[in-house]
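What follows is calculated from the coordinates using simple rules that are stated; it is not laboratory data. In this text the structure is predicted, and so the values were computed from the model without any measurement. Neighbour counts are summed over all protein chains in view; Cβ atoms, including those assigned to glycine, are modelled from backbone coordinates with ideal geometry.
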Amino acid sequence: MTTSKSSNKKIVAAIVAMTDDRVVGKDGDIPWHLPEDQKRFAKLTKGNTVLMGRKTYESIPDKYRPLKQRKNVLVTRNSNWKSEEDVEVMVCSPVRAVEKLLSRENLPGDTIWVIGGEEIWRSTLPRLDMVYLTKVHLKAEGDCFMPAFEDDFKEIFREEHEEFTYINYKRGA
């Protein structure tokens, strides 16, 4: 399962876990615990850049923040927000952040991973090349949802598990 294109150009990929009802979170937390999915997230994103909103960053437990072995980039509208950790803060729109990152030559890895939350995914949808989805097989109440994206993407990979299904999508494949 590769994320790179034939050239050295970076791709932009969302990585998200959601229920059939598109729930991705509730009260700043994930309403399920899937260690295997967490390992997949770590394996795919390590050595790359992760782009997230402030709320997503703040929802990461302190002991894991910033995410290790990745370049952490946080997007916020609050120009006064400061991070004491090794996190780059961009005060701009999520799409502008993606464009700025794509213009750099010194980013690690071959993928810019958009890791949430809802507003960040929604804003960056037009720029996404791939979506790495974990479809969680349970009902959960939520206040954060993954916007619809499937009409612009084609499924290229599926792996069924008892509690979840991995589905990878590529834009217009």
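Here SER83 meets each of (1) over 18 Å from GLY28 (Cβ atoms); (2) part of a loop (DSSP other than H, G, I, E, B); (3) small (Gly, Ala, Ser) with one exception, condition (1).
Count of the range 114-173 residues, restricted to those that are in a loop (DSSP other than H, G, I, E, B), among the acidic types (Asp, Glu) and over 19 Å from ARG54 (Cβ atoms), is 4.
In this structure, GLU150 does not satisfy being in contact with a Lys or Arg (Cβ under 9 Å, 6 or more places away or on another chain), loosely packed, with under 12 Cβ neighbours inside 10 Å, over 23 Å from THR76 (Cα atoms) and not aromatic (Phe, Trp, Tyr).
Quick check: anything in the range 44-51 surrounded by fewer than 16 Cβ atoms within 10 Å (Cβ to Cβ) and among the aliphatic types (A, V, I, L, M)? Among the residues of the range 44-51, not one is surrounded by fewer than 16 Cβ atoms within 10 Å (Cβ to Cβ) and among the aliphatic types (A, V, I, L, M), which makes the answer no. Among the residues making up the range 111-143, a single one is over 16 Å from LYS170 (Cβ atoms) and aromatic (Phe, Trp, Tyr): TRP121. LYS10 meets all of the listed conditions (1) touching a residue at least 40 places away in the same chain (Cβ under 8 Å); (2) among the basic types (Lys, Arg); (3) over 17 Å from ASP110 (Cα atoms) but one, namely (3).
Can you tell me which residue in the range 115-147 is surrounded by the fewest Cβ atoms within 10 Å (Cβ to Cβ), limited to those that are aliphatic (A, V, I, L, M) and over 24 Å from LYS9 (Cβ atoms)? For the range 115-147, the residue satisfying everything is LEU138. Identify, by number, the condition in (1) surrounded by 13 or more Cβ atoms within 10 Å (Cβ to Cβ); (2) in contact (Cβ under 8 Å) with a residue 24 or more places away in the chain; (3) touching a strand residue (DSSP E or B) at 6+ places or on another chain (Cβ under 7 Å) that GLU155 doesn't meet. Unmet for GLU155, out of (1) surrounded by 13 or more Cβ atoms within 10 Å (Cβ to Cβ); (2) in contact (Cβ under 8 Å) with a residue 24 or more places away in the chain; (3) touching a strand residue (DSSP E or B) at 6+ places or on another chain (Cβ under 7 Å): (2).
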